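The values are calculated or read from the model by the stated rules, or taken from the named source; none is laboratory data. None of these values were measured; they are calculated from a predicted model. With ideal geometry, Cβ positions are generated from the backbone for all residues, glycine too; neighbour counts draw on all protein chains shown. Surface accessibility is based on the protein's heavy atoms, side chains included, excluding ligands, DNA and RNA. Shrake-Rupley method; radii C 1.70, N 1.55, O 1.52, S 1.80 Å.
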Amino acid sequence: QIRLFSRAVAVLGAHGAGLTNALFAPSGGVVLELMPEMLQRASVHMIFWHLAVSVGHHHASYIVPHNLMSTDNSTALHNFRVPVQDVARHLREMLQKCPILSKRRHAVL
């Protein structure tokens, strides 16, 4: 996992422990966190922002509306759908500002 994430320019994932792997990505990358709407007001909503910026990443949260969440209470925070095109648009916008990619583009020219 460390080797895989050490080559990642972008990390996209649901709010949860798996996003900790973003620590191994090169500084200057992007982290797009899929955050259930119900966590916006919880004390945990800034955990991965702190983690990302502490190692030089750009972080954003994509808020998953309550109506896209599972109604099953036992998996409600981890069982949701997202509009793929909208999430992809957010990720593209982040990547356009990504310093790592900017340096790579200039190096190729």
Looking at segment 28-59 only, could you name the residues that are in contact (Cβ under 8 Å) with a residue 40 or more places away in the chain, surrounded by fewer than 21 Cβ atoms within 10 Å (Cβ to Cβ) and either among the small types (Gly, Ala, Ser) or in contact with a Gly (Cβ under 6 Å, 6 or more places away or on another chain) (or both)? Gly28
Scan segment 83-92 and tell me whether some residue there is open to solvent by less than 60 Å² (accessible area, probe 1.4 Å), over 21 Å from Phe5 (Cβ atoms), β-branched (Val, Ile, Thr) and in contact with a Phe, Trp or Tyr (Cβ under 9 Å, 6 or more places away or on another chain). no
Are any of the residues in segment 70-77 surrounded by 16 or more Cβ atoms within 10 Å (Cβ to Cβ) and either touching a residue at least 40 places away in the same chain (Cβ under 8 Å) or within 15 Å of the chain's Cα centre (by Cα) (or both)? yes
Can you name every residue in segment 47-62 that is in a helix (DSSP H, G or I) and either aliphatic (A, V, I, L, M) or in contact with a helix residue (DSSP H, G or I) (Cβ under 6 Å, 6 or more places away or on another chain) (or both)? Ile47, Phe48, Leu51, Ala52, Val53
Whichever residue in segment 14-46 is in a loop (DSSP other than H, G, I, E, B) and of a type outside the set (Gly, Ala, Ser) and, among such residues, is nearest to Pro99 (Cα to Cα): Pro26
